[in-house]
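> One structure coming up, written as structure tokens, with questions to follow.
Throughout, read-outs are computed from the coordinates displayed, never taken from laboratory work. These figures come from a predicted structure and were not determined experimentally. For neighbour counting, all protein chains shown are included, and Cβ atoms are generated from backbone atoms with ideal geometry for every residue, glycine included.
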Amino acid sequence: MIVSLLLSATIPGAAQARFSLPGIETSQSLGRQFQSSNASSSAMSQLSKMPSNFGNSQLSASPAPGGLNFQMPNAPGVPGQSLPWPIIVTLTGLTLIPSILLCMTPFARLLIVFHFLRQALGLQTTPSNQTLIGLSLIMTFFVMQPIAAKIYSDAFVPMESGQISVLDALSRAEEPMRGFMAHYVREKDVALFIDLAKEPRPASVNDLSMRVLLPAYILSELKAGFQIGTVLFLPFLIVDMVVASITTSVGMLQLPPVVISTPLKLLLFLMVDGWHLLVSSLMRSFN
């Protein structure tokens, strides 16, 4: 201490310098060593108080307040599975419901007939596919409106008021659809799927299962659509043949017959009011 005081008095700036003489330590270095020893002893005491199985314990991080938690619940009975199978099956079924409902309605027949009409007229993209699909949907809604009203009054309203369960509502909604499909299904198609399903022959149409009735109805609608489309195709085919024979006989080999036949077919279709005639015939077929 005496040596340091003398040096600080004689040497400028020695008060801020650090000197380490053998066997002599300043008060500042002693204070720092004392503080570091206290910190080390307190840290060791805290570590000694921690449980021995701290390394094997599982750390769980909770989301911050206001944050989003993206953890999915595990499937019941299947540890480690993030998404339950019932949810996947339900979402897949919901995507298939529109296609199944369209197959239970006259949508397929109407769309096939309209596509045949476009091909018979020689028009590749007019009307467009979206227009034909929209027209088929509107006409399908028109045909199915009485059945939809019956399903709403007999099944949906009682289920909404709590009078019946969901399964009972589905059973009630099935009856009008079954009656509609059974009215237009062919007996030959029904017999085919009864034999394929190896089911006993029912006493009446009302005893048919949906497993047999639904594919038989789709097959019957496809056949009906192709029949109507073929009959619709014949008049325009005659026009094509007449135009082709005339152009060949007069020596107009460089002129494609479709250039002349397409305007003639459009003129014939408009003269007989083809859209009105076609739509009225289709609607009466579902009377």
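> Please compute the modelled spin-label separation between residue 96 and residue 205, points set 7 Å along Cα→Cβ, answer in nm with one decimal.
2.7 nm
> Next up: What net charge is computed for the residues neighbouring residue 122, neighbours being all others with C-beta under 9 Å from the C-beta of residue 122, Lys and Arg scored +1, Asp and Glu -1?
+1
> Would any residue of region 85-108 have its amide N under 17 Å from a label point 7 Å out along Cα→Cβ of residue 166? List them or say none.
Hits in region 85-108 for residue 166 at 17 Å: 85-98.
> List every residue whose amide H lies under 5 Å from the amide H of residue 186, counting only residues 5 or more places away in sequence or on a different chain, with H placed 1.01 Å from N in the peptide plane.
220
> Please arrange 125, 262 by counting, for each residue, the other beta carbons lying within 10 Å of its beta carbon, fewest first.
Sorted ascending by nearby Cβ count, the order is 125, 262.
> Shifting gears a bit: Give me the percent relative contact order of region 163-257, please, defined on Cα pairs under 8 angstrom at least 6 residues apart.
26 percent.
> Along region 275-283, what does the Karplus equation 6.51 cos²θ - 1.76 cosθ + 1.60 (θ = phi - 60°) give for ³J(HN,Hα), rounded to whole Hz, x for Gly and Pro?
5, 5, 5, 5, 5, 5, 5, 5, 5
> Which whole-Hz ³J(HN,Hα) couplings does region 156-169 yield from phi under the Karplus relation 6.51 cos²θ - 1.76 cosθ + 1.60, θ = phi - 60°, glycine and proline marked x?
These are the phi-based 3J(HN,Hα) values: 6, 5, x, 5, 5, 7, x, 6, 10, 8, 5, 5, 5, 5 Hz.
> Just to be sure I understand the model, the point goes 7 Å from the Cα along the line to the Cβ. What's the resulting residue 238 to residue 254 distance in nm?
3.3 nm
> Now, a different point. Provide the per-residue ³J(HN,Hα) series for region 84-93, in order, calculated from phi with Karplus coefficients 6.51, -1.76, 1.60 and θ = phi - 60°, each as a whole number of Hz, with x at glycine and proline positions.
So the Karplus estimates, Gly and Pro as x, are x, 5, x, 5, 5, 5, 5, 5, 5, x Hz.
> A follow-up question, please. What residues qualify as long-range amide H neighbours of residue 164, i.e. H under 5 Å apart, gap of 5 or more or another chain, H built at 1.01 Å from N?
159
> Here's a follow-up. Would region 108-208 count as rounded, prolate or oblate if I go by the C-alpha gyration tensor, calling it rounded below 1.5 in a/c and otherwise prolate when a/b exceeds b/c, oblate otherwise?
oblate
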